[in-house]
Amino acid sequence: MCMDAGGGVNSEIDKNMVSTRFRGYLPVVVDVETAGFNASTDALLEIAAITLRIDENKLWVIDEKMVKYVQPFAGANLDQAALDFTGIDPEHPFRKQIAVSEKDALQDIFKLVRKSMKTYACRRAIMVGHNPSFDLGFLNAAAERVVIKRNPFHPFSTFDTATLGGLAFGQTVLSHAVIASGQEWDNEQAHSAIYDAEKTAYLFCEVINRWNVMTSETCLSGKLST
């Protein structure tokens, strides 16, 4: 039910549907890959962000995507076990060529988020992620480290697709929930920020779209029965 559909805003009605669905908060899917579990000491290595929109069928779909490969900050810890798990080599020549500083990465990500917030007249972004407290912790720590004061994301509230996946499909592991929702999962691509963010976005859209259809059908049934 959730499709990848880039494109523009369809109407003022669609704008209003986005801005009012979550009390003026804009859901933005984020995934990070790191060199450990401590946001204060371990390096942020990748960050991906995906904005969402309403399509012509009134379904939530993926809008714009951005991924940044990040240079470890000065003095950052690089845990080898974490690097082995993600498959990221911070010293790879090609990666070093395309990686940017934490400040540049966050400024570009935040610019994308604010653009979407402006389009839909939302007052703040809210992070969507799979166990997003981890992702939000690294994002907030990096923003504080590079002294970015205008962080568009809510400082602590999030939408957790582990919880939503458990509710909708009985699965809390991302790969299992994605498969249960009808999407494919590729273990070879997993643990890259953009791939995990895309699958998280699909899962979030699927749950929200199914809920919207279910509640609409319930309302219609209630009207017909009275």
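Values as computed for the structure displayed
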item	result
Potential lengthening between Glu188 and Gln80 on full extension [0.36 nm per residue; Cα-Cα distance subtracted]	36.9 nm
The chain: DSSP helices with Cα axial extent of at least 18 Å and average Kyte-Doolittle hydropathy no lower than 0.0	132-145, 193-225
For q = 0.22, 0.24, 0.28 Å⁻¹, Debye-computed log10 I/I(0) when each Cα of the stretch 114-163 counts as one equal scatterer	-0.84, -0.94, -1.06
Lysine pair number, Cα distance threshold 14 Å (strictly under), the chain, separation 8 or more or different chains	12
Spherically averaged projected area in nm², based on the convex hull that wraps the Cα atoms of the stretch 1-146	9.3
Given 15 as the ceiling on other Cβ atoms within 10 Å, longest exposed-site-free region of the chain for GluC sites (Glu not before Pro) in DSSP loops	92-183
Arg150/Asn38 FRET efficiency (R0 22 Å; Cβ-Cβ; nearest 0.05)	0.30
Fraction of antiparallel bridges per DSSP, the chain only, in percent to nearest 5	55
The stretch 23-154, relative contact order in percent, only Cα pairs under 8 angstrom and at least six apart counted	31
Per-residue [θ]222 nm for the chain (sum of -39500 (n - 2.57) over DSSP H runs n ≥ 4, rounded to 500)	-14500 deg cm²/dmol
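Rule-based calculations on the coordinates, nothing more; no lab input. If you're wondering where the values come from, they're calculated on a predicted model, not measured in any experiment. All Cβ positions, even for glycine, are placed from backbone atoms using ideal geometry, and neighbour counts span all protein chains on display.
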